[in-house]
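S.K.: Dropping the structure in here first, questions after.
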Amino acid sequence: MLSKRIIACLDVRDGQVVKGINFEGLRSAGDPADLARRYNLEGIDELVILDITATLERRRAMADTIRAVARELFIPLAVGGGIKTEDDAAAAVEAGADKVSLNSAALLNPGLLTTLANRYGSQAVVCAIDAKHAVDANGNKIYAVYSRSGSTAANRDAVEWAREAEQRGAGEILLTSIDRDGTKIGFDCAMTAAVSRAVSIPVIASGGAGRLHDFVDVFTAGAADAALAASIFHYAETSVHALKEHLRAHDIPVRL
Amino acid sequence: MQSRIALIDYKAGNLTSVRKALAAVGAEVYTPEQPSDLADAQGIIVPGVGHFGATAALDAEWTDAILARVGEGRPLLGICLGLQWLYEGSEESPDLKGLGVLSGICHKLQGDSTEGHIIKVPHVGWNSLDRLSNAPIIDGVADGAQVYFTHSYVAPVTSDSAAATTHGERFASIVQRGQVAGVQFHPEKSGEVGLQILRNFMKMVG
């Protein structure tokens, strides 16, 4: 049976993981490769490196970070943040990324999803969607999509955009709830389920993870195929292994 | 001396991860530019992701060279699309022939959107191996071990299957017939289990 995936996200700025790290026994608390190694030992299913600087000057540093993480880890590695062009994606892939995640760039130029799917295969193309509950001009409830780190309304609905992204060649959807991000009150199961049921590609839920049971909820009520979290793992509030034990105890298939 | 492994690049996906994993198990990898470059390969790997149509690049000259090496007893490993190519063909590209060393035709997994029984296609993620044989390629891999898949088409379970996996239906996830082996998942992305399978292939190479 296909396992539900647990994905750890490393937000990297200037070659260092930010959002704070609280692990003991790491050589350098903010070193992405060190943290990736730790998660791998704990049984993480996949890693996402999110470049939160994403400026031109930093791109080389980012490639070094990807290379350092990819060198010794043999699990899927996705890279996102600042991928605007085919060349940006190629640099990430050449450095060792298995998947590239596009957000604002895909909204601006949806054809980029197709270009990358044709070049690397759909399995290498993740469409990241940041969305929140909203009401449209006609008073209908929608999941409004935002670009540029949640700052700019894209005037699109997440369900409709996810369908288009799939049709254009995306192989997975990484859906982040702007309402829940950083709140630790649980994933947005209603929005996740709405998107997951609208597409046949996997949907990764993100934003709001706090308690172990939030993951049970997003895999059942939320119909998510995978769940992503950052700070609850970084601060060692929850070990990946303990989380998977909890999921298994609630009949959620996991890799243990 | 390291064993020289020919990793065939027919432009079906990026090979960075495969190269890295092969280096980790001690293989010396080279990419043959023409079929004659296969002459001194001690083992051959056909990787690949994507559409079966991409295997059209493996034309008669390539298949003859590969079959000649296999005939000399040199091991061949197909990964993902490379496994499917070992069969007679695939419904994804009905006009194209596979290598044909394994019997059967590959077909598409069936999705299911029934509430409570949702089966998404493509099949993406970690799934378990049901061991079906003691073939060398699966040596040291525990029954139920999980590996990373990403694909929509599958090969049928036959007497050549060393392991099967279930996603809506049961399909061949590891195959071996003589010196020819294949894996439907990505050993380069499947943690220690994946590396063990690559080590097993290197043992077959000797």
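S.K.: In segment B:1-12, what count of residues is obtained for those that are touching a residue at least 24 places away in the same chain (Cβ under 8 Å) and either more than 14 Å from chain A (Cβ to nearest Cβ) or buried (at least 19 other Cβ atoms within 10 Å of the Cβ) (or both)?
M.R.: 8
S.K.: Looking at segment B:15-34, which of its residues are at the interface with chain A (Cβ under 9 Å from one of its Cβ atoms), surrounded by 18 or more Cβ atoms within 10 Å (Cβ to Cβ) and either more than 15 Å from the chain's Cα centre (by Cα) or over 21 Å from B:Trp85 (Cα atoms) (or both)?
M.R.: Result: B:Lys20, B:Ala21.
S.K.: Anything in segment A:209-256 that is touching a Gly at 6+ places or on another chain (Cβ under 9 Å), at pLDDT 95 or above and assigned to a loop (DSSP other than H, G, I, E, B)? List them, or say none.
M.R.: The answer is A:Asp225, A:Val254, A:Arg255.
S.K.: Output the number of residues of segment A:137-156 satisfying the condition of being out of contact with any Asp or Glu (no Cβ under 8 Å at 6 or more places or on another chain) and either among the aliphatic types (A, V, I, L, M) or more than 26 Å from A:Ala92 (Cα to Cα) (or both).
M.R.: 9
S.K.: Would you say B:Gln196 is within 14 Å of chain A (Cβ to nearest Cβ) and farther than 21 Å from B:Gly89 by Cα?
M.R.: Yes, satisfied.
S.K.: May I pose another question? Looking at (1) modelled with pLDDT under 95; (2) within 14 Å of another protein chain (Cβ to nearest Cβ); (3) over 20 Å from A:Lys84 (Cα atoms), which is the one condition that is false for A:Ala193?
M.R.: Only one criterion is unmet by A:Ala193, namely (1).
S.K.: Right, another one. Which pairs have Cβ atoms under 9 Å, sit 6 or more apart or on different chains, and link a residue in segment B:158-178 that is within 12 Å of chain A (Cβ to nearest Cβ) and more than 22 Å from B:Gly100 (Cβ to Cβ) to one that is of a type in the set (Gly, Ala, Ser) and surrounded by 24 or more Cβ atoms within 10 Å (Cβ to Cβ)?
M.R.: B:Thr165/B:Ala172; B:Thr165/B:Ser173
S.K.: Regarding segment B:14-23, can at least one residue be identified that is modelled with pLDDT under 95 and farther than 24 Å from A:Ala63 by Cα?
M.R.: No, because not a single residue in segment B:14-23 is modelled with pLDDT under 95 and farther than 24 Å from A:Ala63 by Cα.
S.K.: Okay, next question. Which ranges mark the strands (runs of 3 or more DSSP E) fully within segment B:13-114 that have 1 or more residues being touching a residue at least 60 places away in the same chain (Cβ under 8 Å)?
M.R.: Qualifying strands (runs of 3 or more DSSP E): B:43-46, B:76-79.
S.K.: Of everything in segment A:8-38, what is at pLDDT below 90 and crowded, with 23+ Cβ neighbours inside 10 Å? Give them in sequence order.
M.R.: Those that are at pLDDT below 90 and crowded, with 23+ Cβ neighbours inside 10 Å: A:Val12, A:Val17, A:Leu35.
S.K.: Just to confirm my filter: which strands (runs of 3 or more DSSP E) fall fully inside segment A:84-203 and include at least 3 residues that are surrounded by fewer than 24 Cβ atoms within 10 Å (Cβ to Cβ)?
M.R.: So the answer is A:125-135, A:141-147, A:152-157.
S.K.: Give just the number: which of (1) more than 29 Å from B:Pro94 (Cα to Cα); (2) within 13 Å of another protein chain (Cβ to nearest Cβ); (3) of a type outside the set (Phe, Trp, Tyr) does B:Leu129 not satisfy?
M.R.: B:Leu129 satisfies every listed condition except (1).
S.K.: A further question on this structure: Hey, among the residues in segment B:192-201 that are more than 13 Å from the chain's Cα centre (by Cα) and in contact (Cβ under 8 Å) with a residue 12 or more places away in the chain, which one's farthest from A:Arg37 (Cα to Cα)?
M.R.: Among those residues, the one meeting the criterion is B:Asn200.
S.K.: Still on this structure: Could you please let me know if A:Ala158 is in contact with a strand residue (DSSP E or B) (Cβ under 7 Å, 6 or more places away or on another chain), over 23 Å from A:Leu47 (Cα atoms) and more than 14 Å from chain B (Cβ to nearest Cβ)?
M.R.: Judged against the criteria, A:Ala158 is a match.
The values are calculated or read from the model by the stated rules, or taken from the named source; none is laboratory data. All figures in this text were calculated on a predicted structure; none of them were measured in a lab. Quick reminder, even Gly has a Cβ in these numbers, built from the backbone with ideal geometry, and neighbours come from all protein chains shown.
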